[in-house]
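Each reported figure results from applying straightforward, stated rules to the coordinates on display, with no laboratory input. Keep in mind that this is a model prediction, so the values were computed, not measured. Backbone-built Cβ (ideal geometry, glycine too); neighbour counts: all protein chains shown.
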Protein chains: 2
Amino acid sequence: MPGTVLEGGESVEIAIIGGGIVGVILAVGLLRRNVKVRVFEQAQGFREIGAGIAFTANAIRCMEQIDPAIVTALRTSGSVPTSDGNEDDPNDYLRWIDGYNQLREDDPYYQRMLYKIDAGYRGFEGCRRDQFLEALVKVVPPGVIECKKRLEKIEEQEQEKKISLKFVDGTMVEVDAVIGCDGIKSRVREIILGGGNPASYPHYTHKVAYRTLIPMDEAIKALDDYKAKNQHIHIGPNAHLIHYPVAGRKMINATAFVSDPNPWPNDKQMVAPGSREDIETAFAGWNPCVRNVVNLFPKKLDKWAVFDLWDYPAPYYNKGRICLAGDAAHASSPHHGAGACTGVEDALCLVTLLKQVNLSVQESGLSKRKALSLAFETFNAIRRTRSQWLVNSSRRVCDFYHQPEWANPAKWVKAETCFEELKDRSYKIWHFDYEGMIKETLKGYADREAGLLPASSRETSEH
Amino acid sequence: MPGTVLEGGESVEIAIIGGGIVGVILAVGLLRRNVKVRVFEQAQGFREIGAGIAFTANAIRCMEQIDPAIVTALRTSGSVPTSDGNEDDPNDYLRWIDGYNQLREDDPYYQRMLYKIDAGYRGFEGCRRDQFLEALVKVVPPGVIECKKRLEKIEEQEQEKKISLKFVDGTMVEVDAVIGCDGIKSRVREIILGGGNPASYPHYTHKVAYRTLIPMDEAIKALDDYKAKNQHIHIGPNAHLIHYPVAGRKMINATAFVSDPNPWPNDKQMVAPGSREDIETAFAGWNPCVRNVVNLFPKKLDKWAVFDLWDYPAPYYNKGRICLAGDAAHASSPHHGAGACTGVEDALCLVTLLKQVNLSVQESGLSKRKALSLAFETFNAIRRTRSQWLVNSSRRVCDFYHQPEWANPAKWVKAETCFEELKDRSYKIWHFDYEGMIKETLKGYADREAGLLPASSRETSEH
């Protein structure tokens, strides 16, 4: 799917705010379609951390559609299937395992498998976020991504002129449109929805996460060979532990999530100092394998408050020529492992639209402002329902993992009835019909261009 | 799909406990397949009441598979599509409408449509339960159904002999197998799972229901023509009102559901005297159309506590030659309107199996006891997951309808994100692949017969 070469044609100019995985993937896709783009990242370097991330096969197929170079970047950054590459059964699975009960004296490694869903061959690929981003950035020509650019304001002087971006360092840039890929604490979201609006800010999910990377040999000692080399979710009352292999299967990425009934003290600071003792307390009395893994966490480590946009979802993702994508639009808790995958779907929708915008401007003589507004209106219509569903669903599945019923044998039968729903929810994520989405996106834009659908009354205004 | 005529072959003898809709449908299907069956009903007459019931198109296709005479009975008992038969749009829909907010002074009938799902042409058909049952019973030859037979005990003297049913009136009957279609308060469930086991009894869902039938002309005055002639669910904080046309569109069946945080005083008695005032209080401040309908309820009426099997689901539906089906197995709250539909799916699975049982006994020489145990084991494996999902899902959708967020404008955007999930849940019910179920059922039974699947260790014992 090579980009159309716009010989002599002038492309719209897009600013992407935020140089994370979704922002850079979007930039790669736009460049491939000859859409002019600049990426502005507030940090000194790139925003991703050394934690693990996994992509579904479906998200990787979306990447392929955006630009095959993205898949190459993923694979060269040490991504591996989350299964152990067993020849008899090479597929990836989600495995939910009893973390709390069913101790067996004759086999200290025994944990009952509660449920398992087949995600197919290479159903998931895990890697380290920072390594993937580093590989992705190499695909982008120099000069496209600028760091240390923290957005302050978006100003639109006159409707048919460019939009001005003002950065905190005093510099200014003019573009035709802005896409906020600036993550959960998005400044672009705050600008679109308004300061003080609760939908402008993420809220606490009442779960805290502790992450670490564990060398494979130690993980095998703690869990046994099979569990260490394969993705597992150990569930039980008020907490769960998830792990899967990363870094060419030399390590496992392990994350412990713990329910927290209390408010989080500081909305601006989602990371606080934590200790292994916190997790030891949460997993006291759990299966020895789980406690073995907990013992491999560092004594002092960060405690991540999980925030999302569940309490007050954004009522719209677009306003005139400004749009939100990825976590900026729909930051979810990580319990489906599908937040970034959904951002990749967003990017596929946006590159499809912005290629059409250039065609409209060059061939139909539509104004850039009008074409971009219609494109973002279409994006909102196509993407909002599914992505908000994901935010809800991610909360729901964690509620299932943390059911207090797991600690009550009389409630076990009921607790296990959750798995049919977990399966349906996983399938909805995995089996996403992205080709259908592309068709709907093109039709939605064409219908709006033809005036068949009412245009939004939301337009950019000064903030 | 005519039944196989078993010339000279001896059929197994089945007792169905409970002469409700599911029990009689099952009996009709067994008779059509030349399976000997008797139905024992505890009441003087038939157990269904004059309230409305709707079947999905899918459930009606299942009835067609069981015996086309069932569909004829449905249609002759005054069933109508829940839509208004509009030629421009003849399909049936589920419609969720704002019952609480969005008052408009210039149009007292205005209520915002929140969401609508297309169920297709004749997607639902509504009728009165008592009229349908009456028509169904006419399909059954005289002598098959016996009333005033309340089951007391099930006894199995020796493994290869018949099972004895003892009734409260002192009579006894011997059969090869027992299927409990005896509804939410099932005695057969109590016998299988044990007296005192919380899974043997239904529990309170903390919702109460008030039902009435309203003549169509009065409904039109209350709601307007369109709403009265079409199914609508009016939702709002802690309550909802659902109605649809019944009885050849001469009346609407209206049910008000109200959340109740208190315990229900008496587990044995799910109906208590209520009054229109109770509902007036619950719907105070709601849209005038909703209050108009509430005013048409009788001043004194029954209050139905909604019970279900959510808290303690049955861990299995079968034990030896005894099996549970319909509400006896998985009584759910009525909020998907799919409880009876799921019972019809159960009946289709059971008639498929019992036809095979007769073939096994006559052709393969399998013992009746063994064949019946394998059949019920298969039934449990095929039906339990889906039907328990329905129990959970029915609770979940009512939670969505009653979200307190509907009363808080700042939470409206969030409240409306529920509809994607409502759609998925409805599709899972409507688009059930019953042909796939029949194939899986036949394969499951054949595999068990061939010893490919482990047989259950649960056998009938004396109670």
### Message
If I model a spin label as a point 7 Å beyond the Cα along the Cα-Cβ vector, how far apart are those points for A:Glu64 and B:Glu134 in nm?
### Response
6.2
### Query
So what is the calculated 222 nm ellipticity per residue for the protein assembly as shown, using -39500 (n - 2.57) for each DSSP H run with n of 4 or more, over all residues, to the nearest 500 deg cm²/dmol?
-11000 deg cm²/dmol
#### Entry: Considering only the protein assembly as shown, percent of DSSP beta bridges that pair antiparallel, nearest 5
75
### Summary
Computed for the range A:326-438: size of charge dipole around the Cα centre, +1 on C-beta of each Lys and Arg, -1 on C-beta of each Asp and Glu, debye to nearest 20, value 340
### chain A - share of DSSP beta bridges that are antiparallel (%, nearest 5)
75
## Note on the structure
Checked against the positive end of the charge dipole of the range B:346-412 (+1 on Cβ of Lys and Arg, -1 on Cβ of Asp and Glu, about the Cα centre), the farthest of B:Ala407, B:Ile382, B:Leu353 is B:Leu353
### Task
With +1 on each Lys and Arg Cβ and -1 on each Asp and Glu Cβ, and nothing else charged, work out how big the dipole of chain B is about its Cα centre, in Debye to the nearest 20.
560
### Query
Between the range A:281-342 and the range B:283-302, how many Å separate their Cα centres?
45
### Message
Defining a contact as two alpha carbons under 8 Å apart and six or more residues distant in sequence, what relative contact order in percent does chain A show?
### Response
19
### Nearby lysines by direct alpha-carbon distance to B:Lys149 (threshold 26 angstrom, same-chain neighbours under 8 apart not counted)
B:Lys36, B:Lys138, B:Lys161, B:Lys162, B:Lys166, B:Lys185, B:Lys268, B:Lys319, B:Lys368
#### Entry: Amide H partners (placed H, <5 Å) of B:Ala43, local residues excluded
B:Lys148, B:Lys149
### Task
Take peptide A:310-316, look around each residue's Cβ out to 10 angstrom, count Cβ atoms belonging to other protein chains, and average those counts.
3
### Task
Answer rounded, prolate or oblate for the range B:241-293, using the Cα gyration tensor with square roots of eigenvalues a ≥ b ≥ c: rounded when a/c is under 1.5, else prolate when a/b is larger than b/c, else oblate.
oblate
## Note on the structure
Expressed as a whole-number percentage, the relative contact order of the range B:333-463 with C-alpha contacts under 8 angstrom and at least six residues apart is 36
### Message
Quick check for me: using +1 on Lys/Arg Cβ and -1 on Asp/Glu Cβ, what's the dipole size of the range A:184-321 about its Cα centre, in debye to the nearest 20?
### Response
480
### Task
List the residues of the range A:204-247 whose backbone N lies under 20 Å from a point placed 7 Å from the Cα of A:Ser275 along the Cα-to-Cβ direction.
A:208-212
### Query
Using 1/(1 + (r/R0)^6) with R0 = 25 angstrom and r between the beta carbons of A:Asp433 and B:Thr76, what's the FRET efficiency to the nearest 0.05?
0.05
#### Entry: Separation between Cα centres of the range A:18-32 and the range B:119-182, rounded to whole Å
65
### Task
Name the residue farthest towards the positive end of the dipole of the range B:253-341 from the options B:Asn262, B:Phe307, B:Phe283, assuming +1 on Cβ of Lys and Arg, -1 on Cβ of Asp and Glu, about the Cα centre.
B:Phe307
### Task
Determine, for B:Lys428, A:Lys250, B:Lys138, B:Lys268, the number of other Cβ atoms within 10 Å of each Cβ, and report the residues in order from fewest to most.
B:Lys268, B:Lys138, A:Lys250, B:Lys428
### the range B:285-405 shape via C-alpha gyration tensor axes, a/c threshold 1.5
prolate
#### Entry: Identity and axial distance of the chain B residue whose Cβ lies nearest the axis relating B to A, Å
B:Asp424, 3
### Task
Using only atoms on other chains, find how many Cβ atoms lie within 10 Å of each Cβ of peptide A:413-423 and report the average.
5
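Using Cα pairs under 8 angstrom and six or more residues apart, how large is the relative contact order of the range A:162-319, in percent?
With pairs under 8 Å counted, the relative contact order is 26 percent.
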### Task
Round to a whole angstrom and tell me the spacing of the C-alpha centers of the range B:195-233 and the range A:395-437.
29
### Task
Just rank B:Trp264, B:Trp406, fewest to most, by other beta-carbon atoms within 10 angstrom.
B:Trp264, B:Trp406
### Query
For chain B, rounded, prolate or oblate, judged on the Cα gyration tensor with a ≥ b ≥ c (square roots of eigenvalues), a/c < 1.5 rounded, else prolate if a/b > b/c?
prolate
### Query
Which one of B:Pro142, B:Thr212, B:Cys127 has its Cα pushed farthest toward the positive end of the charge dipole of the range B:122-222, where Lys and Arg give +1 and Asp and Glu give -1 at the Cβ?
B:Thr212
### Task
List the residues whose amide H sits under 5 Å from the amide H of B:Gly180, counting only those 5 or more places along or on another chain, with H placed 1.01 Å from N in the peptide plane.
B:Ile17, B:Cys323, B:Leu324, B:Ala325
### Task
Would you please give the residues with an amide H less than 5 Å from that of B:Val246, counting only those at least 5 places away or on a separate chain, with H modeled from the backbone geometry?
B:Met251, B:Ile252, B:Asn253
### Task
Shortest first and in nm with one decimal, please list how far the B:Asp118 label point sits from its counterparts in the other copies (point 7 Å along Cα→Cβ).
3.4
### Task
Between A:Leu366 and A:Leu301, take the C-beta separation as r, use R0 = 45 Å, and let me know the FRET efficiency to the nearest 0.05.
0.25
## Note on the structure
Most exposed first, judged by fewest Cβ atoms within 10 angstrom, A:Arg291, A:Arg112 run A:Arg112, A:Arg291
### Task
Every other copy gets compared here: list the nm distances from the A:Pro404 label point (7 Å along Cα to Cβ) to its counterparts, shortest first, one decimal.
1.7
